[in-house]
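Visitor: The structure follows.
The values are calculated or read from the model by the stated rules, or taken from the named source; none is laboratory data. It should be emphasised that the depicted structure is a prediction, and the values quoted were computed from it without experimental measurement. Neighbour counts are summed over all protein chains in view; Cβ atoms, including those assigned to glycine, are modelled from backbone coordinates with ideal geometry. When the accessible area is computed, the model is the full protein with side chains, heavy atoms only, and any ligands, DNA or RNA have been set aside. Shrake-Rupley method; radii C 1.70, N 1.55, O 1.52, S 1.80 Å.
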Amino acid sequence: MIGAGSICGVDPNRFKQDLIVRSSVREEFDIPLESRVLLFLGRLNRDKGVLDLSYAFCAVARDHHDVRLILVGAEEDVTFKQIQAICFEFADRLTYVPHTKLPERLMMASDIFCLPSYREGFGMTIIEAAACQVPTVATKIYGITDAVEDGETGLLFPVADIKTFVESLTRLLDNPDLRKKMGVLSRARVINLFSEYRITTGLFELYRDLIAQQ
C-alpha cells in the first residue's frame, strides 16, 4: 500500500474551497446561498446506499426547510425517478446531474458529503470532498474508514442504519461550527496523507527500493 491508501491522491489546487464557484454553481441550479446542501457522487445503485440516502433525506428535510440534495452519477439499478418517488414531498429540493467532468465544482457548492455505501474499495470521492473542506457522513465499512476519521473529519454510522444516518446528518446540519471545524480538519488531513505529491513520492520510493533489491 502506498502511503495511507489512495492510489493517485488528490490535487489540492484543484479540489479546494472556492466561494465564487460555490455561488456560481448554486445560481446555476437555483439553490439559495443560505441553503444547506447534501451531496452524493457515485453510481445510483443499491450498494451505494442511495435508497437509504433518499429515506434519510426525507427525514431531515421535514425539520430543515432549507436543506437540498444533489445527486451526481449514472443510473444503474436505481433511477432518479425512484428517488423522486420516495422523496415526493420534497422532490423540488432534489437536483440530479447524470455526469460531470468537474466534480470539484459540486463539492465546492456543498456542505455535507454523503456516502452510505454497503461496500467500497477506497472513498476517493470522500477525500476529494474533504480537500474542498466538506465533511462526510458515511457508513462505517472497510475503505471508508481509511478516508474518514470518525468524529474529526466526518461521522460514520453502521450500514443500513437509517436512524443513525439521520442523527448524524442532523448533528452536522444543526451545528455549523462543527461542520466548519470538520471541514478544516478534513482538508488538512488530505494534504498531510493524500496529496498527489505525497502519493507520487511514495511510489517513486517503492520503485527505488524494489530496484535496489534486485
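Visitor: Where does helix 176-193 land angle-wise versus the long Cα axis of the chain, in degrees 0 to 90, nearest 10?
Guide: Around 20 degrees separate the two axes.
Visitor: How far is helix 196-213 tilted, in degrees, relative to the longest principal axis of the Cα atoms in the chain, given as a value from 0 to 90 rounded to the nearest 10?
Guide: Taking Cα atoms only, the helix is inclined about 30 degrees.
Visitor: Going by alpha carbons, how many degrees (0 to 90, nearest 10) lie between the helix axis of 50-63 and the longest principal axis of the chain?
Guide: 50 degrees
Visitor: Also: Under the Kirkwood approximation applied to all pairs of distinct alpha-carbon atoms, what is the hydrodynamic radius of segment 31-111 in Å?
Guide: Details: mean 1/r = 0.0786 Å⁻¹.
Taking the inverse mean of 1/r over all distinct Cα pairs, segment 31-111 comes out at 12.7 Å.
Visitor: How much accessible area per residue does the chain have, in Å², with a 1.4 Å probe?
Guide: Working: 10650 Å² over 214 residues.
That works out to 50 Å² for each residue.
Visitor: Right, another one. Set the Förster radius R0 to 30 Å, insert the Cβ-Cβ distance between LYS181 and ARG119 as r into 1/(1 + (r/R0)^6), and round the FRET efficiency to 0.05. Don't skip to the answer; put the middle values down first.
Guide: Details: r = 30 Å, r/R0 = 0.99.
The computed FRET efficiency comes out at 0.50.
Visitor: Let me ask you something else. If you wrap a convex hull around the alpha carbons of segment 87-214, what volume per residue comes out, as a whole number of Å³? Show your work: numbers first, answer last.
Guide: Numbers: hull volume 18.2 nm³, N = 128.
About 142 Å³ per residue, rounded to a whole number.
Visitor: Given q = 0.11, 0.19, 0.20 Å⁻¹, what are the Debye log10 I(q)/I(0) values for segment 1-156, with equal point scatterers placed on the Cα positions and solvent ignored?
Guide: -0.40, -1.26, -1.39
Visitor: Sticking with this structure for a sec: How large, in percent, is the carbon and sulfur part of the accessible surface of segment 101-214 at a probe radius of 1.4 Å?
Guide: 54 percent
Visitor: With equal scatterers on the alpha carbons only and no solvent term, can you work out the Debye log10 of I(q)/I(0) for segment 142-184 at 0.17, 0.28, 0.30, 0.35 1/Å?
Guide: For segment 142-184 at q = 0.17, 0.28, 0.30, 0.35 Å⁻¹, log10 I(q)/I(0) is -0.48, -1.05, -1.10, -1.17.
Visitor: Then there is this: Given a 1.4 angstrom probe, I'd like the percentage of the accessible area of segment 6-79 that is carbon and sulfur, rounded to a whole number. Intermediate values should be presented prior to the final figure.
Guide: Details: 1690 of 3480 Å².
Exposed carbon and sulfur together represent 49 percent of the surface.
Visitor: About the Cα centre, and with charges only on the beta carbon of Lys, Arg (+1) and Asp, Glu (-1), how big is the dipole of segment 45-190? Nearest 20 debye, please. Could you put the intermediate results ahead of the total?
Guide: Details: 17 positive and 21 negative charges, 47 e Å.
Computed charge dipole of segment 45-190: roughly 220 debye.
Visitor: Lysines within cross-link reach of LYS163: Cα-Cα under 18 Å, excluding same-chain residues under 8 positions apart?
Guide: Leaving aside lysines fewer than 8 places away in the same chain, those within reach of LYS163 are LYS48, LYS140.
Visitor: If you don't mind, there's one more thing I want to ask. Once label points are set 7 Å from the Cα along Cα→Cβ at both LYS140 and ARG46, what is their separation, rounded to one decimal in nm?
Guide: 2.5 nm
Visitor: Which number do you get for Rg(Cα) / (2.2 N^0.38 Å) in segment 25-77? Show your work: numbers first, answer last.
Guide: Working: Rg = 12.0 Å, N = 53, 2.2 N^0.38 = 9.9 Å.
With N residues counted in segment 25-77, Rg over 2.2 N^0.38 Å equals 1.21.
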